Amino acid sequence: MQESIKLDQVIDRRNTNCAKWDTMDQVYHSQDLIHLGVADMDFKAPQSISDAFQSCVDHGIYGYTDINEGFYEAIIRWFRDKNHTDVKKEEILFCPRISISVSLAVETYTNPGEEVIIHTPSYDALYEGIVKNHRVAVESPLIIRDGKYTIDFDELETLVSEKTKMYILCSPFNPVSRVWDREELEKIGAFCVKHKLLLYVDEIHGDFTAPGIQFTTALQLADEVRDRLIVASSPTKTFNVPGVIVSYLIIPNGKYKKMLEEDIHRLGMNNPNIFAVAAVEQGYRNSDDWYDAVLTYIDENDAFTREYFGKHFPEFQIFPREGTYLLWISYEALGCSEDELKEWFIREAGVEVYMGTKFGEKGLGYFRLNLGTTRKMLSDAFERMRKAYPLLKK
Ligand SMILES: Cc1ncc(COP(=O)(O)O)c(C=O)c1O
């Protein structure tokens, strides 16, 4: 397939103000690292998106831009065809980034000192959205049962107090790559109804599922849950356009939607940048082939990585990947500290990954590896690690 051939192309991303390659080079004072940390992909975006951007550049006028009908229709189409869920135009709200909407949701719907439940280890922006707004993050650590991360529902009941107002869920879950099944989501929904909590669900990774795994959007939950539900999503992971800065919220309850809408206006964030609408329209309507090819490529990268690690790094235990393009890997069997492992990755192997404590204390003993790159880049990184591995085991 033509698209998959392009995915194999190694493209130099250095000197493009790239967070994954340039910023991380600066952080580690090296230009010789292979970066498998920051969660974007090293693939060119779908041609349909680039063509739409090109027309805009050819036009040459970059005036103020508004959301158009196509923006809403594209989101409605994607949810209908991919998630078998009907979304109404009036439920959709543009917000530049999920990192912004989570922070705003906490600020808008809760008061300082009130509590928000979040599972740990946690994607940092979701956690920071709570604590940087001077709310209390009530941590519900995920537990490992039969080699799989799961929610400790018994403990969850003990965490709620009168001050608890909200529950933030990452679904699929970055960094451990779980895709919550319908039963788990229903339990979370019922918990929120019982304790009168608002439920903010970040579904940005919802388009990436491993073979045989079904993603369920929280929008499919019962009406009593939908009534207190704020779903955040974006095509930026799906079509590898996070530099465009675009996301949206789906809020079935008109009262809650209005509250956030007013805040987005108050902050002057209601206009998208000129490329944002095109990215949503073209991604969600004209890029299915590209998306299918990327899903297959990620699955193959996953299989390749597991085989390589099984052969050469037996002490690195990779968790099952249900969703996302990220692998969560335990190094507990090595008995080294996080600092030692990090030093080894950077100084001996020349490979950069995210150390687990980037996601809080509960991430200690793990690292996260991004599969969104060419097979060549992965195999070069693994070769480097293989050569340096004896140094780690000393
Ligand atoms: C779970 C999750 N939410 C949100 C984001 C970032 O979204 P945005 O760029 O819209 O802030 C990421 C990026 O890694 C993510 O993993």
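Quick note: the coordinates plus some simple rules give every number you see, no bench work behind them. Since this is a predicted model, take the numbers as computed values, not measurements. Glycine gets a Cβ as well: all are built from the backbone with ideal geometry, and neighbour counts include every protein chain shown.
Evaluate the charge dipole of the chain about its Cα centre and quote only its size in Debye, nearest 20, assuming +1 on the Cβ of each Lys and Arg and -1 on the Cβ of each Asp and Glu. Each step should come with its number before you reach the end.
On the way: 45 positive and 62 negative charges, 67 e Å.
Rounded to the nearest 20 debye, it is 320 debye.
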Discussion item. Restricted to Cα positions, what overall size does segment 61-286 have along the principal axes? Three whole-Å values, descending.
Written reply: 56, 42, 30
Discussion item. Full-extension gain between residue 337 and residue 69, please, as 0.36 nm times their residue separation minus the C-alpha to C-alpha distance.
Written reply: 91.2 nm
Discussion item. How much of the pair distance distribution for segment 131-198 lies past 20 Å, counting alpha-carbon pairs only, in percent?
Written reply: 30 percent
Item to complete: Give the span of the chain's Cα atoms along each principal axis, as three whole-Å numbers ordered largest to smallest.
Response: 59, 58, 38
Practice prompt. May I ask for the equivalent-ellipsoid semi-axes of segment 1-81, computed as the square root of five times each C-alpha gyration tensor eigenvalue and listed largest first in whole Å?
Written response: 30, 18, 15
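Neighbouring Cβ atoms within 10 Å as the yardstick, rank 179, 193 fewest first. Please list the in-between numbers first.
On the way: 179 21, 193 16.
Fewest-to-most ranking of 179, 193: 193, 179.
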Worksheet item: Too long at a 28 Å Cα-Cα cut-off: which of 20/132; 194/237; 82/187?
Response: 194/237
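Using 0.36 nm times the number of residues separating residue 111 and residue 8, minus their current alpha carbon distance, what extension gain do you get?
Numbers: separation 103, 0.36 × 103 = 37.08 nm, distance 4.89 nm.
This chain segment gains 32.2 nm when fully extended.
Applying a 10 Å radius around every beta-carbon, put 86-96, 306-316, 362-372 in order of their mean neighbour count, most first.
Taking the mean over residues of other Cβ atoms within 10 Å, the ranking is 362-372, 86-96, 306-316.
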Practice prompt. Taking H placed 1.01 Å from N in the peptide plane, check which residues at least 5 places from residue 198 or on another chain put their amide H under 5 Å from its amide H.
Written response: 166, 167
Discussion item. If you restrict to DSSP beta bridges whose two residues both lie in the chain, what percentage is antiparallel, to the nearest 5?
Written reply: 50 percent
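What's the Cα-based Rg to Rh of segment 1-149, Rh via Kirkwood? If you can, show how the numbers build up before the last one.
Values: Rg = 20.4 Å, Rh = 20.0 Å.
That ratio equals 1.02.
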Discussion item. Using the basic label-point model (7 angstrom from Cα toward the beta carbon), what is the residue 391 to residue 258 distance in nanometres?
Written reply: 6.2 nm
Discussion item. Show me, bin by bin at 10 Å from 0, the whole-percent P(r) of segment 116-238 based on Cα pairs.
Written reply: 13, 47, 35, 5, 0
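Note the full-extension length gain between residue 16 and residue 224 as 0.36 nm times their separation in residues minus their Cα-Cα distance, in nm to one decimal. Working shown, then result.
Values: separation 208, 0.36 × 208 = 74.88 nm, distance 4.69 nm.
Extra length available between residue 16 and residue 224 comes to 70.2 nm.
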Response to the item:
1/(1 + (r/R0)^6) with r = Cβ-Cβ of residue 266 and residue 157, R0 = 35 Å, i.e. FRET efficiency to nearest 0.05, evaluates to 0.45
Practice prompt. Using label points projected 7 Å from each Cα along Cα→Cβ, tell me how many nm separate residue 194 and residue 146, to one decimal.
Written response: 2.3 nm
Worksheet item: With all pairs of different alpha carbon atoms counted, what Kirkwood hydrodynamic radius in Å does segment 285-394 show?
Response: 14.7 Å
Worksheet entry | Order of 318, 98, 143 under a 10 Å beta carbon neighbour criterion, fewest first | 143, 318, 98
